[in-house]
Amino acid sequence: MFSPSKHKPQAPNGRASVVNPVNRFEKMHIDINESFAEFGTPASVRTEYYIDNSKEILAKNDSPDVTFTYSINPYRGCEHGCIYCYARPTHEYFGLSSGLDFETKIFVKKTAPELLRKRFSSKKWIPQFIAFSGNTDCYQPIERQLKITRECLKVFLERRNPVGLITKNALILRDIDLLQELSKWNLVCVTISITTLNPELSRRMEPRASSPQKRLDTLKKLAQAGIPIIVSVAPIIPGLTEHELPKILKAAADCGVKNAAYIMLRLPYSVKELMQTWLKANYPNQENRTLNAIKTTRNGTLNNHQFGMRMSGEGPRAETIKQMFRLSCQRYGLSIEPLEVETQHFRRLQSGQLTLEF
């Protein structure tokens, strides 16, 4: 239906961002990508890691658009580099850009497991579902070495507090032993996000996330292990990926998935500029069509901050996508009801009271 562009400039090797947009909070900006336009050759940009000494690990949410109150994010920034990621503007709070900086400057919360255990030990803690992660992917590449997510899962199991994980990375299979133990107590649900089944599009749009086929393989292995799973078609990009919705749901159902969800693309703040620049660099023939399609689901703009509309969009096109999702779920035997977890198994243990080995 469309083909990649050979036009320049391009993103650095293995990255999605073509530019480093100006930070809306900063007065001075230096564009490290000036040479791309001048010489037309992508440069390599190495990933840098920084220690995040946060004193609290749980982030509280008050948005009516999501069903959870608390989330845990062991990393700030995400090397997956998904061009459409709504979390990109959060890097601007650190004086950085939502573009390449978000993909290449990663903050690491090495004390996350200890902070989580401390929170669970508090008499004020009311056991409840926690989203892991609500912002950036907890299984991005550096997790393979640091294992912060794995250590946090041990704390969830130790205290028997329910948790829901969402990821685009097959690395989650490394922790299948912990997920199986959590599922015995009905303490876990796992969501795998799939945006497209087109490997070339995925490579350009989500350069360091697992390929679509690996994500399907992950769904199948999790289902075979008896772990409650959801496929999330997210985000749906009008004019670019919406036609794949039924195919993705069928492929997931064929893997043994029983539950499904979807989220419409939203482009807050500088993500609008990033998406437009990415389209121009990769699929210029699709640029206007895609941007206009997005606008038809956002009341004529590229983003709508209004609660109740952010996740699903609005207008006839958004309603058509909603109906396509529901009909496809019915056809392939997928439930759109959220998976339920339990809180009655929670144990408020004191430090050193119990040790689990895995």
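Scan segment 229-251 and tell me whether some residue there is surrounded by fewer than 21 Cβ atoms within 10 Å (Cβ to Cβ), touching a residue at least 12 places away in the same chain (Cβ under 8 Å) and at positive phi. Checked against the condition, which is being surrounded by fewer than 21 Cβ atoms within 10 Å (Cβ to Cβ), touching a residue at least 12 places away in the same chain (Cβ under 8 Å) and at positive phi, segment 229-251 yields no hits at all. Candidates are the residues of segment 200-212 that are within 18 Å of the chain's Cα centre (by Cα) and in contact (Cβ under 8 Å) with a residue 40 or more places away in the chain; the one that is nearest to Gln10 (Cα to Cα) is Arg204. Reported count of residues in segment 308-341, each being farther than 25 Å from Gly239 by Cβ, within 24 Å of the chain's Cα centre (by Cα) and either part of a loop (DSSP other than H, G, I, E, B) or at pLDDT below 95 (or both), is 5.
Kindly establish whether Leu197 is out of contact with any Cys (no Cβ under 8 Å at 6 or more places or on another chain), in a helix (DSSP H, G or I), touching a residue at least 12 places away in the same chain (Cβ under 8 Å) and within 22 Å of Leu216 (Cα to Cα). Judged against the criteria, Leu197 is not a match. Taking the listed residues Asn186, Asn161, the one that is within 24 Å of Ser335 (Cβ to Cβ) and either touching a residue at least 12 places away in the same chain (Cβ under 8 Å) or β-branched (Val, Ile, Thr) (or both) is Asn186, with no other qualifying.
If you take the residues in segment 47-81 that are of a type in the set (A, V, I, L, M, F, W, C), under 18 Å from the mean Cα position of the chain (by Cα) and assigned to a strand (DSSP E or B), which one is surrounded by the fewest Cβ atoms within 10 Å (Cβ to Cβ)? For segment 47-81, the residue satisfying everything is Ala59. For Arg215, the criteria (1) within 12 Å of Ile194 (Cα to Cα); (2) of a type in the set (Lys, Arg); (3) free of Cβ contacts under 8 Å to residues at least 12 places away in the same chain hold in every case but one, which is (3).
Of the listed requirements (1) surrounded by 14 or more Cβ atoms within 10 Å (Cβ to Cβ); (2) without any contact (Cβ under 8 Å) to a residue 40 or more places away in the chain, Ala293 misses just one: (2). Here Ile148 fits the description: in contact with a Pro (Cβ under 6 Å, 6 or more places away or on another chain), over 19 Å from Tyr84 (Cα atoms) and touching a residue at least 24 places away in the same chain (Cβ under 8 Å). Just to be sure before I move on: is Arg215 assigned to a helix (DSSP H, G or I) and closer than 20 Å to Asn135 by Cα in the structure I sent? The answer is yes for Arg215. Here Gln276 fulfils each of the conditions (1) polar (S, T, N, Q); (2) under 19 Å from Thr195 (Cα atoms); (3) in a loop (DSSP other than H, G, I, E, B) apart from (3). Listed here are the helices (runs of 4 or more DSSP H) enclosed by segment 91-173 that have at least 1 residues being surrounded by fewer than 21 Cβ atoms within 10 Å (Cβ to Cβ) and of a type in the set (Asp, Glu): 112-121, 148-159. The single condition from (1) surrounded by fewer than 21 Cβ atoms within 10 Å (Cβ to Cβ); (2) within 16 Å of the chain's Cα centre (by Cα); (3) over 21 Å from Phe102 (Cβ atoms) that Thr218 fails is (1).
The values are calculated or read from the model by the stated rules, or taken from the named source; none is laboratory data. Bear in mind that the values here come from a model prediction, so they are computed numbers and not experimental data. FYI the Cβ positions are ideal-geometry reconstructions off the backbone, even for glycines, and counts take in every protein chain you see.
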